[in-house]
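Taking it in order: structure first as structure tokens, then the write-up.
Just so you know, all these numbers are worked out from the coordinates, no wet-lab data involved. Values in this document were obtained by computation on a predicted structure and should not be read as measured data. Cβ placement follows ideal geometry from the backbone for every residue including glycine, while neighbour counts extend to all protein chains displayed.
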Amino acid sequence: MKPGQIYLDNCVSSAVAPEVIDAMQPYFSQKFWFPGSFISTGESSNDALTGFQSIVAKSIGARGEEIHFTSGGTLANNLAIKGIANAAKKGHVICSVVDYPDLLTNAAWLEKQGFEVSYLAADDKAVIDLDQLKREIRPDTFLFMTTAVNHVVGSIQPLSEIRKILDAAGHKIYLHVDAGQAFGKMHLNVDDFGIDTMAISAHKIHGPQGIGALYQRKGTKLAQLIHGVKRVDNLQTGGLSIALIAGFAKAVELSFEDLDATIGQLRELSDYLWARLQEKIPYIELNGAEGEGRAPHNVNISIDYIEGEAITMMLDMHGITVATGSACASQGLKANYVLMAIGKNHVQSHGSMKFTLSRYNTKEELDTVVDRLAEITLELRKRSPLYNAFLKNQEK
Amino acid sequence: MQYSQKVLDHFMHPHNVGKMENPDATATEGSPSCGDQVTVYLKVNEEKQIIEDISFLSYGCASNIATASIITDLAKGKSLEEAKKITWRDAMDALDGLPPVKVHCSVLAADTLQTAISNYEIAHGLKEVPDFSKETILEELKKIIYPQVGEDIVSLKMVKYVGFSDGEVLIDLNMMAFDSWRDNVKEEIIEHLEKYPEVKKIEVNFP
């Protein structure tokens, strides 16, 4: 058994595409130069960088100069959120209780700096409460931030409706989107949704780790956060990796060449997985939205009566990598906050399994996973006092 | 891999697992909301006071299942007096250790074994139902593991004060504001003490 032989944890990081490795190669050895100087090496790098910016920009309907390369999604989120807040100096921010930790930890930091933050509730599908959004908007609200595709249950937030509500406020409210899970999994045109800033990353779409980008709509003022030598602009200070940027651009080309086909393939795989799971394993349920309401790569289920860390450990012994929302598998020993916020109980959270697929997964792989998981569920249920109590109740 | 080979062996192929028909004593500890629950069944030779058979059920993680398995190995064939001396430390040692954040899982299985023995003794008139006192609280606090280091909070001198009067438990803990395990330890304390009918209110204070 090889670790990660069947890998279904692509929302965390995904395998680098072979074409991406080829695209990066020359920029490590022959064309490693930094942009910025007017001699041929610097110019060559300038041209390459501009080309890569355009490729990434095109995938979200933006312009090249609106793209800043960062070390990943987290830096992009920080540059946007802290940049907008520091430029505003004071006021009110809105996000939701089911947002990605990047947004929630930034919200907590903003509160410490004296900003006020409102946290919207979410429904049982992890979709934010739009009526509450309308009620929470104040004259000093300057930023609304959201996670376009929920990182746990894959639900898609209604960005168009959100923008309409923000526009109805009568003053400018910036819309920042964390698109870590959405990028390459749905159409995400920044003009269609009126997005002002957005964070994306390469390694979730088969690009290299360590590279992401911040989209900054022209005219959106961001206070400078990282001070240092200026290579490209005030948001991209310090060194940069032209090779990783080249890899990112190639990964974008591969995913977006035919985005509908990419989405269709992922949707077919996830529908197949959910159907097979229901067929083979009793007493399970889908967490989050069904059908078009969820991102095409995410299947999150709760398996009744057993605990997720034990399940993932056993799957791991078979070379299968998946994630769980169990407290026992988390660093903080807490049940998953998104599942708890959408009304799941502790047992549903502890017994939750998250499968996130990529275009490299096959139906044969999914068959193997479901077969192994069915065996493991049977074995762990045999050992479980909860399942034994359930059987006893059924006999009555 | 953070788990020892022994933990993995007992997790994948646990000993003495399964429900026992007509046990002489049984106990269930933990709760699904905390993510783990263990049931222990005992068959006791009344004349010799020896645990002739033992089995368990476990809802929990790998460490929980492995600890329950090793606890049953340690207790099987022992006299009740010997088995009463088995602690979570014995279970952990027998498993070649556990990652610090997982040590708390070993407490539950050891605890359930002790409760099963106690239930047997009470049912057979070998002892009376113990009175609830400050000592009971201290014994419970010795089962609360500080996940950062995998030691109990009493040994780590984190308990500054314990008070009990009129059903109210008051505990002062030496845990700083920046300690991210505060909530976790507090929840564990409440879980351990709220099962006693004598306890009406629990107050846990930090500096």
Inset, instruction - Would you kindly derive the ³J(HN,Hα) couplings of the range B:111-123 from the backbone phi angles with the Karplus curve 6.51 cos²θ - 1.76 cosθ + 1.60 (θ = phi - 60°), listing them in order in whole Hz, with x for Gly and Pro? - result: 4, 5, 4, 5, 5, 5, 4, 4, 4, 5, 5, 5, 5
Legend entry - In the range A:254-355, the GluC sites (Glu not before Pro) that fall in loop regions by DSSP, at most 14 other Cβ within 10 Å: A:257, A:290
Legend entry - the protein assembly as shown, helix-only ellipticity at 222 nm - DSSP H runs n ≥ 4, -39,500 (n - 2.57), divided by all residues, nearest 500: -12500 deg cm²/dmol
Legend entry - Difference of contour (0.36 nm per residue) and Cα-Cα distance, residue A:40 to residue A:134: 28.4 nm
Legend entry - Max mean-square fluctuation residue, GNM over chain B, Cα-Cα springs under 10 Å, options B:32, B:99, B:23: B:32
Inset, instruction - Treating cross-link reach as a plain straight distance, find the lysines whose alpha-carbon is under 25 Å from the alpha-carbon of residue B:201, omitting any fewer than eight places away in the same chain. - result: A:334, B:134, B:142, B:143, B:157, B:160, B:186
Legend entry - Alpha-carbon centroids, the range A:186-259 and the range A:6-55: separation in whole Å: 12 Å
Legend entry - Partner chain coverage, peptide A:384-393 - average Cβ within 10 angstrom: 4
Legend entry - GNM flexibility winner over chain A from A:118, A:40, A:330 (Cα, springs under 10 Å): A:40
Inset, instruction - For residue A:218, list the lysines whose Cα falls under 28 Å from its own Cα; do not include residues on the same chain fewer than 8 positions away. - result: A:58, A:82, A:89, A:90, A:134, A:164, A:172, A:185, A:204, A:230, A:250
Legend entry - Between the range A:347-396 and the range B:126-197, the alpha-carbon center distance in angstrom: 35 Å
Legend entry - Total formal charge among the other residues, if their Cβ is under 15 angstrom from that of residue A:19, Lys/Arg +1 and Asp/Glu -1: -2
Inset, instruction - Mind running the shape call on the protein assembly as shown? Use the C-alpha gyration tensor, a ≥ b ≥ c as the square roots of the eigenvalues: rounded below 1.5 for a/c, prolate if a/b tops b/c, oblate otherwise. - result: prolate
Inset, instruction - Check cross-link reach from residue B:76 to the lysines: straight Cα distance under 18 Å, and skip same-chain residues fewer than eight apart. - result: B:19, B:43, B:48, B:84, B:85
Legend entry - Residue-count net charge about residue A:83 - beta-carbon cut-off 13 Å; Lys, Arg +1, Asp, Glu -1: +2
Inset, instruction - Within the range A:210-298, list the trypsin sites (Lys or Arg not before Pro) lying in a DSSP loop whose Cβ has at most 16 other Cβ atoms in a 10 Å radius. - result: A:218, A:221, A:231
Inset, instruction - Using label points projected 7 Å from each Cα along Cα→Cβ, tell me how many nm separate residue B:200 and residue B:134, to one decimal. - result: 2.0 nm
Legend entry - Per-residue ³J(HN,Hα) for the range A:123-133, Karplus 6.51 cos²θ - 1.76 cosθ + 1.60, θ = phi - 60°, Hz, x for Gly and Pro: 7, 5, 9, 6, 9, 5, 7, 5, 5, 5, 4
Inset, instruction - Report the extension gain between residue A:268 and residue A:124 in nm, rounded to one decimal, defined as 0.36 nm multiplied by the number of residues separating them, less their alpha carbon distance. - result: 49.4 nm
Inset, instruction - Please work out the C-alpha center-to-center distance from the range B:1-76 to the range A:290-336 and express it in whole Å. - result: 25 Å
Inset, instruction - Specify the angular offset, from 0 to 90 degrees and rounded to the nearest 10, of the alpha carbon long axis of helix A:308-317 from the longest principal axis of the alpha carbons in chain A. - result: 80 degrees
Legend entry - GluC sites (Glu not before Pro) within the range B:4-60, DSSP loop, no more than 16 other Cβ atoms inside 10 Å: B:21, B:46, B:47
Legend entry - Between 0 and 90°, nearest 10: helix B:182-193 axis offset from chain B longest Cα axis: 50 degrees
Inset, instruction - Sort by residue number and name the cysteines in chain A that have no neighbouring cysteine Cβ under 4.7 Å. - result: A:11, A:95
Inset, instruction - Please report B:12, B:176, A:314 as a ranked list, fewest other C-beta atoms within 10 angstrom at the top and most at the bottom. - result: B:176, B:12, A:314
Inset, instruction - With r as the distance between the Cβ atoms of residue B:45 and residue A:233 and R0 = 56 Å, compute the FRET efficiency 1/(1 + (r/R0)^6) and round to 0.05. - result: 0.10
Legend entry - Using alpha-carbon coordinates, inclination of helix A:385-395 to the longest axis of chain A, degrees: 50 degrees
Inset, instruction - Please identify the longest segment of chain B free of exposed trypsin sites (Lys or Arg not before Pro), where exposed means a DSSP state other than H, G, I, E or B and no more than 12 other Cβ atoms within 10 Å. - result: B:1-47
